[in-house]
Amino acid sequence: MEIARYSDKTFFAASPRRRIAAFLILVAIASSLPFFYAAQGSLPEAGDLIIHWPRMLMFDETLRSGVWYPRWLGGMNYGYGAATTMFYAPFVYYSLSAAHALLGDWVRSVEVVVLFAALGSAATLYFYARVFLSPVASAIAAMMYLLLPYRLIDLYHRGALAELIAFVWMPLVMLMLDGAVKRPGARRIVLGAIAYGLLVVTHPPVAYAFSVSLALFVAIWAVKSQSWRPVLSGSFIALLGSALSAFYWLPAILEMGYVNQSVTDLFDNNKGYVTDLLAGSTFEKLIAATVIATSLLFFLFVALARSKPLNSEKPSPNHYISGWTIVGFISIVVMLPVAAPIVRLMPGISGMAFLWRWLAITTFATSMLAGVVFEKLRVENFGRRRSRDLFAITLTVAILVFGVISCARASNLKLQFVAPADCVEQDFTPKDAPDVHALSAGVMLQMLSDSPDSAARLIEWKPQERVIEVSAATNDTLHVYSFMFPGWEAFVDGRAVPVETHPDLKTMLINVPQGSHTIKLIFSNTTTRLRAQTLSLIALSICGLLSILKRSTSLFARERM
């Protein structure tokens, strides 16, 4: 009987949590899945999807060839290749490849990744909000995080798969930071660092904006608490997370000069201030409207969160309210021309491509304050200030409806997605490489002498490795129609030989002595990449050591008890 009563109590006690979980799952599904059936029941077009499609195919091909981190996608550009995922954050392609390995269908794989991004975003935001809010208020905050216009636009207009995943990691970093400050221990620092590192290898522009926001938040927390612990914990998480992800970002920064890339050009030509957006294309006007709408909601929530409660003479703000108020305010100001002098001084800011990407931070801050406001209204007995509460609800619903309608009316949703026939992209090809659309397809090898007695035959082709048999009547040069990029090494009969670069095509030239030879081409890590990889391995070892020490300390404490 005792067991039965305990089971019944457990069931009913868990019921509210189950209802909240079911609610958030339904919101995540409702916010994501319609996209995949919008074009007469099929996947529609979206701005970034046409870019992600060839990349994910070539990344998966390279991954399956046995390369744990594909820096060079050899199948791109008719086999000429590109260093795409050496510079573009690779986590989204790992996710897509993992989903494809399970499902065997690329459309369904994209669908699963997007759905899990929504579910993950809701879960991490909810658990972070639960640090200082009730379950229902936390669920409201998580719902806002999923439904505010910018996140919907990311999917329905842009198909920005990487940025959608980035929404998962931000609240997780904050959750681990909160735990590390309040209950000091290595485990939360390690988990926070892992989440921070995952954010960096998922979407660097959001990681940049989040890092600035994190620094502001911990500074405010330190002032409020009159303790250095928030700054120290936040610094440890950021530094360790940066070291964990160094295998990606360090070579990407140091070797950017080797490739064609349009991100900094985009930023130089159009930084994405709200005033510029208002005078731009239809999509830019939509982003401007999103900035304005989200800002209105943010300032409304700030006013409500900091207003005097009915049963108290003064407000009771804490570091959460103050922190997210200032972080959200800064994220809005950065998108205004008034911030131009500050923006010019920010190192690496051009990597964001557009300043309106700060909307990811505005969305985060607004969602957190939405939970605070709901909690405040609930405590004050909702409806006692009827006009204020009605205005807040009306504006919130209006902005959410604006996001839904603007996405539902996206012109790309009317067109069925057609996978590109060729995996062609100018970005991330070698600097000064020719227009990839003008490259000759189908030509892989050529002996420059054109002697009928000289020949070259491809024996094995892998994205980052080639084996070629050559028969040279005289000393000759083998022309390999793949772009030369730092890291490619050539071996003739096992002996390393230099690789020269074709002056016009930027392809590989290898001098071959007379006779029959086996030539092997391997794409290896440069010294920069090896050092970055070593730094990440050291950071990973530190994380492992800290986890082991924590576990050993816990076991020792139990034994003494």
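The values are calculated or read from the model by the stated rules, or taken from the named source; none is laboratory data. Everything numeric in this text was worked out from a predicted model, so none of it was measured. All Cβ positions, even for glycine, are placed from backbone atoms using ideal geometry, and neighbour counts span all protein chains on display. The accessibility values were calculated without ligands, DNA or RNA, using every heavy atom of the protein model including side chains. Shrake-Rupley method; radii C 1.70, N 1.55, O 1.52, S 1.80 Å.
Can you tell me which residues in the range 164-214 are outside any helix (DSSP H, G or I) and within 8 Å of the chain's Cα centre (by Cα)? Break it down into steps so the answer makes sense when it comes.
Keep residues of the range 164-214 that are outside any helix (DSSP H, G or I), which gives 183-185, 201-203.
Selection gives 201, 202, 203.
Hey, any hits in the range 145-163 for a residue that's open to solvent by 10 Å² or more (accessible area, probe 1.4 Å), in contact with a Ser or Thr (Cβ under 9 Å, 6 or more places away or on another chain), β-branched (Val, Ile, Thr) and assigned to a helix (DSSP H, G or I)?
no
Scan the range 230-252 residue by residue and report those that are among the β-branched types (Val, Ile, Thr) and touching a residue at least 40 places away in the same chain (Cβ under 8 Å).
Step one: of the range 230-252, the residues among the β-branched types (Val, Ile, Thr) are 231, 237.
Residue satisfying the conditions is 237 alone.
With the requirement that a residue be surrounded by 12 or more Cβ atoms within 10 Å (Cβ to Cβ) and not aliphatic (A, V, I, L, M), what does the range 263-274 give you? Talk me through it step by step, then tell me what you get.
Of the residues in the range 263-274, the ones surrounded by 12 or more Cβ atoms within 10 Å (Cβ to Cβ) are 263-267, 270-274.
Listed by number, the residues that qualify are 264, 265, 267, 270, 271, 272, 273.
Of everything in the range 469-486, what is surrounded by 19 or more Cβ atoms within 10 Å (Cβ to Cβ) and hydroxyl-bearing (Ser, Thr, Tyr)? Give them in sequence order.
Scanning the range 469-486 gives 481, 482.
Quick check on the range 275-294. Is at least one of its residues open to solvent by 30 Å² or more (accessible area, probe 1.4 Å), under 22 Å from the mean Cα position of the chain (by Cα) and modelled with pLDDT of 90 or more?
Start the filter on the range 275-294 by keeping residues that are open to solvent by 30 Å² or more (accessible area, probe 1.4 Å), which leaves 275-276, 278-279, 281-285, 289, 292.
Right, trim to under 22 Å from the mean Cα position of the chain (by Cα) and you get 283-284.
With modelled with pLDDT of 90 or more added as a condition, the list becomes 283-284.
Checking the range 275-294: at least one residue is open to solvent by 30 Å² or more (accessible area, probe 1.4 Å), under 22 Å from the mean Cα position of the chain (by Cα) and modelled with pLDDT of 90 or more.
Select from the range 112-144 the residues that are among the small types (Gly, Ala, Ser) and closer than 23 Å to residue 36 by Cα and write down the one among them that is most open to solvent (accessible area, probe 1.4 Å).
Per the criteria, the residue is 123.
Can you say whether residue 84 is in contact (Cβ under 8 Å) with a residue 60 or more places away in the chain, buried (at least 22 other Cβ atoms within 10 Å of the Cβ) and touching a Phe, Trp or Tyr at 6+ places or on another chain (Cβ under 6 Å), as far as the supplied structure shows? Working first, answer last.
On the way: in contact (Cβ under 8 Å) with a residue 60 or more places away in the chain: yes; buried (at least 22 other Cβ atoms within 10 Å of the Cβ): yes; touching a Phe, Trp or Tyr at 6+ places or on another chain (Cβ under 6 Å): yes.
So residue 84 fits the description; yes.
Which ranges mark the strands (runs of 3 or more DSSP E) fully within the range 434-482 that have 3 or more residues being farther than 19 Å from residue 84 by Cβ and without any contact (Cβ under 8 Å) to a residue 24 or more places away in the chain? Spell out how you get there, then give the answer.
Numbers: elements: 445-447, 455-462, 465-472.
In the range 434-482, the matching strands (runs of 3 or more DSSP E) lie at 455-462.
Got a number for residues in the range 169-194 being buried (at least 21 other Cβ atoms within 10 Å of the Cβ) and closer than 19 Å to residue 545 by Cβ?
Of the residues in that region, 8 qualify.
Restricting to the range 526-552, and then to whatever is free of Cβ contacts under 8 Å to residues at least 40 places away in the same chain and among the polar types (S, T, N, Q), can you tell me which residue is farthest from residue 189 (Cα to Cα)?
Filtering first and then ranking leaves 527.
Out of all the residues in the range 386-395, is one or more at pLDDT 90 or above and either within 25 Å of the chain's Cα centre (by Cα) or among the polar types (S, T, N, Q) (or both)?
If we filter the range 386-395 for residues that are at pLDDT 90 or above, which is where we start, we get 394-395.
Restricting the remaining residues to those that are either within 25 Å of the chain's Cα centre (by Cα) or among the polar types (S, T, N, Q) (or both) gives 394.
So far as the range 386-395 goes, yes, one or more of its residues are at pLDDT 90 or above and either within 25 Å of the chain's Cα centre (by Cα) or among the polar types (S, T, N, Q) (or both).
May I ask you to verify whether residue 94 is open to solvent by 10 Å² or more (accessible area, probe 1.4 Å), under 30 Å from residue 363 (Cα atoms), under 15 Å from the mean Cα position of the chain (by Cα) and free of Cβ contacts under 8 Å to residues at least 40 places away in the same chain?
On the way: open to solvent by 10 Å² or more (accessible area, probe 1.4 Å): yes; under 30 Å from residue 363 (Cα atoms): yes; under 15 Å from the mean Cα position of the chain (by Cα): yes; free of Cβ contacts under 8 Å to residues at least 40 places away in the same chain: yes.
It is true that residue 94 is open to solvent by 10 Å² or more (accessible area, probe 1.4 Å), under 30 Å from residue 363 (Cα atoms), under 15 Å from the mean Cα position of the chain (by Cα) and free of Cβ contacts under 8 Å to residues at least 40 places away in the same chain.
Pull up the range 444-457, narrow it to residues that are open to solvent by 60 Å² or more (accessible area, probe 1.4 Å) and not acidic (Asp, Glu), then point me to the one that is modelled with the lowest pLDDT. Walk me through it before giving the result.
Our first condition is that a residue be open to solvent by 60 Å² or more (accessible area, probe 1.4 Å); within the range 444-457, this holds for 444, 446, 448, 450, 452-453, 457.
Among the residues that remain, those that are also not acidic (Asp, Glu) are: 444, 446, 448, 452, 457.
On the way: 444: 89, 446: 89, 448: 90, 452: 84, 457: 92.
Checked the range 444-457; the qualifying residue modelled with the lowest pLDDT is 452.
Mind listing whichever residues of the range 24-38 are at pLDDT below 95 and over 27 Å from residue 414 (Cα atoms)?
Correct list: empty.
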